[in-house]
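Step one of this worksheet: look at the structure below.
The values are calculated or read from the model by the stated rules, or taken from the named source; none is laboratory data. For clarity, every value in this text was computed on a predicted model and none was experimentally measured. Glycine also receives a Cβ, built like all others from the backbone with ideal geometry; neighbour counts cover every protein chain displayed. Only protein heavy atoms, including side chains, enter the accessible area calculation; ligands, DNA and RNA are left aside. Shrake-Rupley method; radii C 1.70, N 1.55, O 1.52, S 1.80 Å.
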Amino acid sequence: MSMDHTQAPVLEALDAYRSNGSLAFTPPGHKQARGADPETRRVLGDAVFFGDLLASGGLDDRRRRGQYLRHAEELMADAVHADHTFFTTCGSSLSVKAAMLSVAGPGDHLLIGRDAHKSVVSALILSGIVPVWVEPRWDAERHLAHAPSAADFEAALKAHPDARGALVTSPTPYGACADLAAIADVCHRRGLPLIVDEAWGAHLPFHPDLPTWAMDAGADVCVTSIHKMGSGLEQGSVFHLQGDLVAPDVLKNRADLWGTTSPSVLIFAGLDGWRRQMALHGRELLTRALELAGEVRAGIEAIDGMHVNDRRDFCGPGLADDLDPLPVVVDLTGPALSGYRAADWLREHRGIDVHLADHRRINVQITHADSHETTRPLLRALRDLADAARDWDAAPPVEVPDPDELRMEQACLPRDAFFARTEDVPVDKAAGRVAAEMVTPYPPGIPAVLPGERLTEPVLDYLSSGVEAGMNLPDAADPSFRTVRVTQD
């Protein structure tokens, strides 16, 4: 790092604005908390309103001559070895869209791992980019997908030499990582850019014992959610750029196309402060987090009916290439426990929220914010859960398809199906019809059904049985999944 990382330009400008006693006759209308609802002020605290002001014509002047945001972005780029960094207050759901449109446009082909987040599919629908799906590596024993390999992308590029680039998701929400350097090499030998959706990897640049992060692996564009594994506020995201395969002005232009004209200074300040925290203290903080995660993993492994997935489970031939140990993925081996049941019981009876829950797992995410004050109650709660579950009946089964049954024919483009004339049909009548909606178990937010895919009974049975067992499908037209939206024949 070559810059002075004791600085936090946005935070410092925000502090100065408040200290100067400036008066705003601009939005936001609460005018530095003075007009805010008293009960709202009591719950949120005045600091939220003090930090809520215009980015230009407030924090900075109307022409942004203070350059606070630009300086903060330059410091972030320096901290993580990128050429350019851009902040966004609309989450990585916006960042990944901007990255995709900086590489491809309507009618262009883009290689995409099929384990992509729903925001990637949203970009396909809105942009008209043509996806070339690259199949994940599927662990049939654990019913879990890992990112495609470099060989998978090599084969896809040979079959689609007109593709404009590739997108891969790494780490996955389960902490599994791809060999990004090898995938980048596959792309670069053809002069094509690699986009990495690294939403779960904000912490990776700051500790040598964590998996290699996208910029160090040679990726061209990397999308990172600072609010996930970092300490930014929700919706705080950055995208990083290096090399000359994607022009920085193009990337910024695409981000402006998707983004809000009223960005949150609070979120900018959170990004700025997190960068300073990591640049100055990241290695120390993450060393403690890694040690704590090791203790948590050992403690959970000792609980009857629970197994913590580690490198032996997730990494190897045909599986992931590396593993981030901070997402602690707990496989629930007893018949009474499903991830859905476990998550609900922990929240209701112990006031503990887990990150994700599926038909057989929960994920308890450890970050630099954790300590024994948080992990000891977690371990007690998990032991109590195991004891309570001894008296439960078997969990409702989820009919998970075999890997070759999970993938359905892409009968038409996602965009064409989404905007087609549609009808809602009973699920038991939907096999063979073309989906007109995304159906996404959430979290982690990876669609099981995409617009344009021809529905099959195994996938429909999986989703129906999943809902009965506790699966959440928030983006389906009918979240109870009694009907599904399809194109009209």
Worksheet entry | Output for the stretch 113-130, where each listed residue is surrounded by fewer than 24 Cβ atoms within 10 Å (Cβ to Cβ) and part of a strand (DSSP E or B) | Val130
Worksheet item: With (1) among the acidic types (Asp, Glu); (2) open to solvent by 30 Å² or more (accessible area, probe 1.4 Å); (3) touching a strand residue (DSSP E or B) at 6+ places or on another chain (Cβ under 9 Å) as the list, and Glu437 as the residue in question, which single condition is left unmet?
Response: (2)
Discussion item. Of everything in the stretch 95-112, what is crowded, with 24+ Cβ neighbours inside 10 Å and more than 13 Å from Glu198 (Cα to Cα)? Give them in sequence order.
Written reply: Lys97, Ala98, Met100, Ser102, Val103, Ala104, Leu110, Leu111, Ile112
Fill in: Wholly within the stretch 139-249, helices (runs of 4 or more DSSP H) carrying at least 3 residues that are without any contact (Cβ under 8 Å) to a residue 24 or more places away in the chain
150-159
Item to complete: Could you tell me which of the residues Pro447, Pro443 is within 30 Å of Ser231 (Cα to Cα), open to solvent by 10 Å² or more (accessible area, probe 1.4 Å), modelled with pLDDT under 95 and not in a helix (DSSP H, G or I)?
Response: Pro443
Worksheet item: Which residues, counting only those in the stretch 303-315, are closer than 30 Å to Arg137 by Cβ and open to solvent by 30 Å² or more (accessible area, probe 1.4 Å)?
Response: His307, Asp310, Arg311, Arg312
Discussion item. Residue under question is Asp83, and the condition is that it be open to solvent by 50 Å² or more (accessible area, probe 1.4 Å), in contact (Cβ under 8 Å) with a residue 24 or more places away in the chain, within 20 Å of Ile195 (Cβ to Cβ) and within 25 Å of the chain's Cα centre (by Cα); does it hold?
Written reply: yes
Item to complete: Filter the stretch 360-384 down to residues that are hydrophobic (A, V, I, L, M, F, W, C), open to solvent by less than 20 Å² (accessible area, probe 1.4 Å) and in contact (Cβ under 8 Å) with a residue 40 or more places away in the chain, then give me how many there are.
Response: 4
Worksheet, complete the sentence: Of the listed residues (Ala178, Ala184, Ala255), the one being under 18 Å from the mean Cα position of the chain (by Cα), crowded, with 22+ Cβ neighbours inside 10 Å and among the small types (Gly, Ala, Ser) is Ala178
Discussion item. Taking the criterion of being more than 15 Å from Thr169 (Cα to Cα) and touching a Phe, Trp or Tyr at 6+ places or on another chain (Cβ under 7 Å), would at least one residue in the stretch 100-115 satisfy it?
Written reply: no
Practice prompt. Output the residue which, of all residues in the stretch 63-72 that are touching a Leu at 6+ places or on another chain (Cβ under 9 Å) and of a type outside the set (Phe, Trp, Tyr), is surrounded by the fewest Cβ atoms within 10 Å (Cβ to Cβ).
Written response: Gly66
Item to complete: Return a yes/no flag: does the stretch 338-359 have any residue that is within 30 Å of Asp461 (Cβ to Cβ), at pLDDT 95 or above, open to solvent by less than 20 Å² (accessible area, probe 1.4 Å) and of a type in the set (Lys, Arg).
Response: no
Item to complete: For the stretch 417-427, indicate whether the set of residues that are assigned to a helix (DSSP H, G or I), among the hydrophobic types (A, V, I, L, M, F, W, C) and open to solvent by 40 Å² or more (accessible area, probe 1.4 Å) is non-empty.
Response: yes
Discussion item. If I filter the stretch 151-160 for residues that are under 27 Å from Arg311 (Cα atoms) and surrounded by 22 or more Cβ atoms within 10 Å (Cβ to Cβ), do I get at least one hit?
Written reply: yes
Worksheet item: Pick from the stretch 303-328 the residues that are small (Gly, Ala, Ser) and in contact with a strand residue (DSSP E or B) (Cβ under 6 Å, 6 or more places away or on another chain): which of them is farthest from Pro205 (Cα to Cα)?
Response: Gly318
Item to complete: Select from the stretch 19-49 the residues that are aliphatic (A, V, I, L, M) and either within 32 Å of the chain's Cα centre (by Cα) or farther than 19 Å from Pro263 by Cα (or both) and list them in ascending order.
Response: Leu23, Ala36, Val43, Leu44, Ala47, Val48
Discussion item. Could you list, ordered by first residue, the pairs with Cβ atoms under 6 Å in which the first is in the stretch 40-58 and free of Cβ contacts under 8 Å to residues at least 60 places away in the same chain and the second is loosely packed, with under 14 Cβ neighbours inside 10 Å and part of a loop (DSSP other than H, G, I, E, B), at least 6 apart or interchain?
Written reply: Ser56/Arg62; Gly57/Thr26
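Here is a yes/no grid of residues against (1) in contact with a Cys (Cβ under 6 Å, 6 or more places away or on another chain); (2) crowded, with 22+ Cβ neighbours inside 10 Å; (3) among the basic types (Lys, Arg):
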residue	(1), (2), (3)
Val10	no, yes, no
Leu14	no, yes, no
Arg18	no, no, yes
Ser22	no, no, no
Asp37	no, no, no
Thr40	no, no, no
Leu44	no, no, no
Ala47	no, no, no
Thr88	no, yes, no
Discussion item. If I filter the stretch 268-277 for residues that are open to solvent by 20 Å² or more (accessible area, probe 1.4 Å), aliphatic (A, V, I, L, M) and either over 25 Å from Leu54 (Cα atoms) or within 22 Å of the chain's Cα centre (by Cα) (or both), do I get at least one hit?
Written reply: no
Practice prompt. Could you tell me whether Ala72 is aliphatic (A, V, I, L, M), touching a helix residue (DSSP H, G or I) at 6+ places or on another chain (Cβ under 8 Å) and in a helix (DSSP H, G or I)?
Written response: yes
